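What follows draws every value from the coordinates through simple rules; no lab data is involved. Predicted, not measured: the structure shown is a model, and the values here were computed from it. Quick reminder, even Gly has a Cβ in these numbers, built from the backbone with ideal geometry, and neighbours come from all protein chains shown.
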Amino acid sequence: MVDEFTRECVLLEVDRGMTSDDVVDLLVGVFRTRGVPAHVRSDNGGEFIAKAITRLAAITGVEMLYITPGSPWENGYAESFHGRLRDELLNAEVFDGLHDARALAAKWRSEYNHRRPHSSLKYLPPTVYAATLAVPPVGAPPLPPAPPASFPTAPILTPRLS
């Protein structure tokens, strides 16, 4: 998951498969730590058009923006990110198992977010760029506090029964 504004890799989940319920759980976790976004842009993969995601969007007020099939340019930030992820991690490493893949992905994500400069962000890493946005210019009045984020209610957050 990539933040379109700061280019930060918010989430890089590694697993053997992912259901729509898994995606809901991950999104709720991100919403809790970063707040509920105005929209989520995604492809039309089964896990993103499922009823669970539709329910989450309705409860939180998130607008789901779907990419037209066969139109990757509509999601340029993610396509650019995926290309870097593929070239710098997936094609460059040999994974000894799921645990190893998760560890290497976490290391790559940290490097990407905290050390890797991005030309579109004035050659700053995403987290450094985001931090500069949080500091008001000298003499500017402070920003009012953000309203509290709303979160999904219990039915979506209840554990799944297998």
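Modelled label positions at S80 and Y123, each set 7 Å beyond Cα in the direction of Cβ, lie 1.6 nm from each other.
Consider a paramagnetic label point 7 Å from the Cα of A58 along Cα→Cβ; state which residues of the range 1-40 have an amide N under 17 Å from it. Those under the cut-off are 21, 24.
Applying both filters, DSSP loop and at most 14 other Cβ atoms within 10 Å, to the GluC sites (Glu not before Pro) of the range 25-95 gives E93. Here each label is just a point 7 Å from Cα along the line to Cβ, and for L11 and L133 those points are 1.9 nm apart.
A simple spin-label model places pseudo-atoms 7 Å from Cα toward Cβ; at H114 and H39 they are separated by 3.3 nm.
So if I place +1 on the C-beta of Lys and Arg and -1 on the C-beta of Asp and Glu, and nothing else carries charge, what would the dipole magnitude of the range 1-118 be about its Cα centre? I want it in debye, nearest 20. Before the final figure, lay out the partial values.
On the way: 14 positive and 19 negative charges, 61 e Å.
So the magnitude is around 300 debye.
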